[in-house]
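Engineer: Here it is, the structure, as structure tokens.
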Amino acid sequence: MAYSVLIVDDSAVMRTFIRRVMTLSGFEVGECLEASDGEEALARLRLHPQIDVILTDINMPKMNGEQLLEQLRSDGMLGATKGRILRMISLGADGYITKPFSPEALREELERILGERNAGAA
Amino acid sequence: MPEQLEQSASGEISRILDEAIAEVLATMFFADLEPAPCTHSPLEHSWMSSAVSARVRFEGTHFGEAVLTISRPAAEEIASAFLGLDKEETSETDCAQVVLELANILCGSVLSRLWPESKLTLSAPVSDAMERGLEGPGHRCFQMPEGNLAWRLSVEGANR
């Protein structure tokens, strides 16, 4: 199954890296969108509510990762999109991973989270 | 008097820093390096004249800065590996941006090892003049297959 992904990071090279290692690690990526901060991520999500996974950095300008999560919850967008947030450092997110991380570690964390989601939906 | 952390002052700190940079380079930048003992002033390193550099400031329970400098051939190798591009496809802007990201990750990794319970905020990394910030005895040098890397962590003080 291919998952649609939104990568949120203010570093363009980090977004490229994450997109690449997801593919390298064997994680099946369908549609892959990018945003450089939380505000841009919200705009993307309003246009693409089908996103399965959101990977967001914490420290970003305009709207950081924590504020993005809070906004998604207050807007009810998490339930509407069936989205799952993987934050690098989490306060209540479904998972987190800290830098530096290997392609394998990223894949394992994504599979764990999506496995739990799929089990919960069954 | 501000607390000064000079990497050469403690073997344990040097070991932590060496382990951190080796892990960061190997895990996300697919590169290997070895410590290269160095007693020179940064100004004596001829490779720094064309190096790519970045500076990150941190503040919170401790405050200070980290400065990273990489010779251009090594920076090009790191950038191409990180982005999955051929070297010929990797631009100077790519190199600069990847070195900024490396400095950011490296600084965060080292600080979390030195003070795991601390609350620190990193500034956005900035490109910097090659030798500025590396002055003094604390910089550490590393040898990579494609070139050189040097960096220095300076702790200017602590908020108790």
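The values are calculated or read from the model by the stated rules, or taken from the named source; none is laboratory data. Since the structure is predicted, the reported quantities are computational estimates derived from the model, not experimental observations. As a convention, Cβ positions derive from the backbone with ideal geometry for all residues, glycine included, and neighbour counts pool all protein chains shown. Calculation scope for accessible area: heavy atoms of the full protein, side chains included, ligands and nucleic acids excluded. Shrake-Rupley method; radii C 1.70, N 1.55, O 1.52, S 1.80 Å.
Engineer: Give the angle, between 0 and 90 degrees and rounded to the nearest 10, that separates the Cα long axis of helix B:11-28 from the longest principal axis of the Cα atoms of chain B.
Structural biologist: Compared with the principal axis, the helix lies near 40 degrees.
Engineer: Report the A-B buried area as the accessible area lost on both sides summed, probe 1.4 Å, in Å² to the nearest 100. Walk me through the numbers before you get to the answer.
Structural biologist: Values: alone 6200 and 7940 Å², together 12980 Å².
Interface between A and B: roughly 1200 Å².
Engineer: Further, regarding this structure: Starting from the range A:16-73, pick out the GluC sites (Glu not before Pro) whose DSSP state is loop and whose Cβ has at most 14 other Cβ atoms within 10 Å.
Structural biologist: On the way: sites: A:Glu28, A:Glu31, A:Glu34, A:Glu39, A:Glu40, A:Glu66, A:Glu70; in loops: A:Glu28.
Filter output for the range A:16-73: A:Glu28.
Engineer: Moving on. May I ask you to list the residues of the range B:16-34 whose amide nitrogen lies under 11 Å from a point 7 Å from Cα along the Cα→beta-carbon direction of A:Leu24?
Structural biologist: B:26-31
Engineer: Modelling each spin label as a point 7 Å along the Cα-to-Cβ direction, I'd like the B:Leu85/A:His48 distance in nm, to one decimal.
Structural biologist: Going from the B:Leu85 label point to the A:His48 one covers 2.1 nm.
Engineer: Which parts of the range B:12-31, residue by residue, lose 30 Å² or more of accessible area when the rest of the protein chains are there, as against the chain isolated (1.4 Å probe)?
Structural biologist: Buried by the other chains: B:Thr27, B:Met28, B:Phe30.
Engineer: How much net charge surrounds B:Ala36 when only the other residues with a Cβ under 15 Å from the Cβ of B:Ala36 are counted, with Lys and Arg +1 and Asp and Glu -1? Present the calculation step by step, with values, prior to reporting the outcome.
Structural biologist: Working: positive: B:Arg140, B:Arg152; negative: B:Asp18, B:Asp32, B:Glu34, B:Glu44, B:Glu146.
Around B:Ala36, the charge tally is -3.
Engineer: Does anyone have the angle between helix B:92-114 and the longest principal axis of chain B? Alpha-carbon axes, 0 to 90°, nearest 10?
Structural biologist: 30
Engineer: Under 20 Å from a label point 7 Å along Cα→Cβ of A:Ser74: give me every residue in the range A:28-58 with its amide N that close.
Structural biologist: Of the residues in the range A:28-58, A:37-47, A:56-58 have backbone N under 20 Å from the label point off A:Ser74.
Engineer: Do the sum for chain B: with -39,500 (n - 2.57) for every DSSP H run of n ≥ 4, divided by all residues, what is the mean residue ellipticity at 222 nm, to the nearest 500 deg cm²/dmol? Mind showing how you got there, number by number?
Structural biologist: Numbers: 3 runs with 53 residues, N = 160.
That comes out to -11000 deg cm²/dmol.
Engineer: What residues have an amide H closer than 5 Å to that of B:Ala31, excluding those fewer than 5 places away on the same chain, when H is modeled at 1.01 Å from N in the peptide plane?
Structural biologist: B:Ala26
Engineer: Which residues, if any, in the range B:50-96 have at least 10 Å² less accessible area in the whole protein complex than in the isolated chain, probe 1.4 Å?
Structural biologist: B:Phe82, B:Leu83, B:Gly84
Engineer: With every protein chain left in place, what is the accessible area per residue of chain B in square angstrom, probe 1.4 Å?
Structural biologist: Numbers: 7380 Å² over 160 residues.
Counting only protein heavy atoms, the per-residue value for chain B is 46 Å².
Engineer: Another question, if that's okay. Carbon and sulfur: what percent of chain B's accessible surface (1.4 Å probe)?
Structural biologist: Working: 3740 of 7380 Å².
Of all accessible area on chain B, carbon and sulfur atoms account for 51 percent.
Engineer: Could you tell me which GluC sites (Glu not before Pro) in the range B:45-123 are loop residues by DSSP with no more than 15 other beta carbons within 10 angstrom of their beta carbon? Walk me through the intermediate numbers first.
Structural biologist: On the way: sites: B:Glu59, B:Glu65, B:Glu76, B:Glu77, B:Glu88, B:Glu89, B:Glu92, B:Glu101, B:Glu117; in loops: B:Glu117.
Within the range B:45-123, the qualifying GluC sites (Glu not before Pro) (loop, at most 15 other Cβ atoms within 10 Å) are B:Glu117.
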